[in-house]
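**Student:** My questions all concern the structure below.
The values are calculated or read from the model by the stated rules, or taken from the named source; none is laboratory data. These numbers were taken from a predicted model, which means no experiment stands behind them. Here the Cβ positions follow ideal geometry from the backbone for every residue, glycine too, while neighbour counts run over all protein chains shown.
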Amino acid sequence: MLYAYTVITDKPVSDGVSPIAFYLDRGSGVPTYLQLVHQVAYALRLGFLTEGDQLPRIKDVTRSLAVNPDTVVKAYRELEVRGIAAGRPGLGTFIVAAPEVAGLREMSALQRRLGSWLTDAAAAGVDELGMKALFAAALRDFLDNGGAAERADGVA
């Protein structure tokens, strides 16, 4: 099953192929350019993209997703404004800054625990939209209560 934030990765083989392919969820209500920006951010957080990786060429994205080139340009410009990517004339757009991410082992363990939570939620009769709502509410509560600040300071 594909989701709006799905990122398809395929590590490059040194021929300029990007390690990311974009996916669109046209029914999500999220603007197309923002879906692309979010997918790059997610790929960075999950370690699929790293500093120096090339994003797909604009013409390749427009061809594969059937979107206007201006939409892709807008997404890449937003990534540049955020300091994540930079265009290199004649070469393409490259990741110039990547956030610190948890290690693969930690991320895998967290995903398994989250998978267990999802299984419990499904068993309780919660549908996909309900799961998203529960997760969003829990995340909002966590952030509102200073959870992210405590984590950044190393205090749990």
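For every residue, the table says whether it meets (1) at pLDDT 95 or above; (2) among the aliphatic types (A, V, I, L, M); (3) in a loop (DSSP other than H, G, I, E, B).
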{"site": "Gly27", "(1), (2), (3)": "no, no, yes"}
{"site": "Val30", "(1), (2), (3)": "no, yes, yes"}
{"site": "Ala41", "(1), (2), (3)": "no, yes, no"}
{"site": "Thr50", "(1), (2), (3)": "no, no, yes"}
{"site": "Lys74", "(1), (2), (3)": "yes, no, no"}
{"site": "Pro99", "(1), (2), (3)": "no, no, yes"}
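**Student:** How about segment 116-156: which of its residues are at pLDDT 85 or above and part of a loop (DSSP other than H, G, I, E, B)?
**Tutor:** Those that are at pLDDT 85 or above and part of a loop (DSSP other than H, G, I, E, B): Ala124, Gly125, Val126, Asp127, Asn145.
**Student:** Hey, can you tell me all the residues within segment 16-25 that are over 14 Å from Leu79 (Cβ atoms), in a loop (DSSP other than H, G, I, E, B) and of a type in the set (Gly, Ala, Ser)?
**Tutor:** Result: Gly16, single match.
**Student:** Restricting attention to segment 76-97, which residues are within 18 Å of the chain's Cα centre (by Cα), assigned to a loop (DSSP other than H, G, I, E, B) and surrounded by fewer than 17 Cβ atoms within 10 Å (Cβ to Cβ)?
**Tutor:** Arg82, Gly83, Val96, Ala97
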